[in-house]
1. Going by the structure shown, is B:L202 outside any helix (DSSP H, G or I) and either within 14 Å of the chain's Cα centre (by Cα) or away from chain A (no Cβ under 14 Å) (or both)?
2. Which condition breaks for A:Q73 when tested against (1) under 26 Å from B:L35 (Cβ atoms); (2) more than 13 Å from every other protein chain (Cβ to nearest Cβ)?
3. Residue check, B:L7 against (1) exposed (fewer than 11 other Cβ atoms within 10 Å of the Cβ); (2) at pLDDT 95 or above, all met but one. Which one?
4. Mind listing whichever residues of the stretch A:17-64 are touching a residue at least 60 places away in the same chain (Cβ under 8 Å) and touching a Phe, Trp or Tyr at 6+ places or on another chain (Cβ under 7 Å)?
5. Within the stretch A:35-47, identify whether any single residue is touching a Leu at 6+ places or on another chain (Cβ under 8 Å), more than 24 Å from B:L35 (Cα to Cα) and away from chain B (no Cβ under 14 Å), and answer yes or no.
6. Any residue in the stretch B:171-187 that is part of a helix (DSSP H, G or I) and without any contact (Cβ under 8 Å) to a residue 40 or more places away in the chain?
7. Run B:L114 past the list (1) surrounded by fewer than 19 Cβ atoms within 10 Å (Cβ to Cβ); (2) part of a loop (DSSP other than H, G, I, E, B) and report the number of the one that doesn't hold.
8. Look at B:G60 and say whether it is within 30 Å of A:R20 (Cα to Cα) and either surrounded by 10 or more Cβ atoms within 10 Å (Cβ to Cβ) or at pLDDT 95 or above (or both).
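The values are calculated or read from the model by the stated rules, or taken from the named source; none is laboratory data. All values reported here derive from a predicted model rather than from experimental measurement. Methodologically, a virtual Cβ is constructed for each residue, glycine included, from the backbone with ideal geometry; neighbour enumeration extends over all protein chains shown.
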Amino acid sequence: MLARIQVPAQAKRGEIITIRIAIQHPMETGYRPDHFGRRIPRNVIHTLVVRFAGAEVFRADMGSGVSANPFLQFHVRAEAGGEFTFDWVDDTGAKGSERATLNVV
Amino acid sequence: MRALCMLLLWPLLLAAQTPAPRSGLEFASADVRALQADDFANPGMLWVARGEKLWNTPAGRSATSCAGCHREAPVSMKGVAARYPRFDREAGAVLNLEARIKRCRESRQQAEALPHESEDLLALTAYVAHQSRGQSLVPAKDVASVAARERGREQYFRRQGQMNLACMHCHDRLAGRKLLSDTISEGHGNGYPAYRLEWQALGSLQRRLRACFTGVRAEAPAFGAPELIELELYLVQRAGPLRVETPAVRR
């Protein structure tokens, strides 16, 4: 699963930084019929977890109300350097992950 | 004297007749414009990122990637998309950007064909077109393209479908007015492939044109059909100096 993440490479200690993630995903609602009138099964990224240096800093539980190609943004206070890991899973069990390193000066 | 006056006033008359074309972006709401302006939030950039990966991935029996021949796309592909559709000597036909990429993939890379509107073809097209962002469209000048463009122009002004409407009726005469809750744009294709919120995905200009055919209840030509290429050619000339916006965001 293709995703784009935006984490600043460097931040000052105590600075509030913006983290953004966009994932290419149809986010199929489960309410739409296909051309033959059959219901298309729901397939959304239901869980996204972001950890910083192993500790969870952000979690999103998403449902059929979230648009295709979800774009999420949140803020964290940079106290020390470390690695952000992004992990998500959809209804078919497909998983995706990304990582980025933050340096704190 | 009168003839001289006409001659001097001619540029003014011409300007009055043809106001500067306005990109679809100008007809979009503020939130849609903001989405397009932010290169991270713009969902079309996901396809551009995918296209960049494909550009550097070897494919087919040649085991060559696009980059294997064309090197760095930001250099080699700059301004290319702004010049399409145009006549391709090898193909002996007028090709749009998608068709040109398909051809390169099949004949040079010797890879399996990418179907129209497939994610990979859209991604590669978006990536290549993105390299021309900010460049003005350049109408093709070769003889074959000019002849095809005339057919496209004729089609643009021809009534079709059960609604008995020509493209011109909405996009020349009613641009800026409402069609249900949507604002009718001038119908320029300078942002395609574009991310349409209605589609929740990136789509080609031909997909958009086909949607208009269906809208006036006319039979939509198949993807890659000459009618669509001809219309694309005319749209480039009609869009005049508008700049490439790929990947644009549209309603």
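1. On the way: outside any helix (DSSP H, G or I): yes; either within 14 Å of the chain's Cα centre (by Cα) or away from chain A (no Cβ under 14 Å) (or both): yes.
So B:L202 passes the test.
2. Failing condition for A:Q73: (2).
3. (2)
4. If the condition is that a residue be touching a residue at least 60 places away in the same chain (Cβ under 8 Å) and touching a Phe, Trp or Tyr at 6+ places or on another chain (Cβ under 7 Å), then A:I19, A:I21, A:I23 are the ones that fit.
5. Within the stretch A:35-47, the first condition is being touching a Leu at 6+ places or on another chain (Cβ under 8 Å), and the residues that meet it are none.
The answer is no, given that none of the residues of the stretch A:35-47 is touching a Leu at 6+ places or on another chain (Cβ under 8 Å), more than 24 Å from B:L35 (Cα to Cα) and away from chain B (no Cβ under 14 Å).
6. First pass over the stretch B:171-187, keeping only residues part of a helix (DSSP H, G or I): B:171.
Applying the additional criterion that residues be without any contact (Cβ under 8 Å) to a residue 40 or more places away in the chain yields B:171.
Yes, the stretch B:171-187 has at least one match.
7. All conditions are met except number (1).
8. Taking the combined requirement at face value, the residue does not satisfy it.
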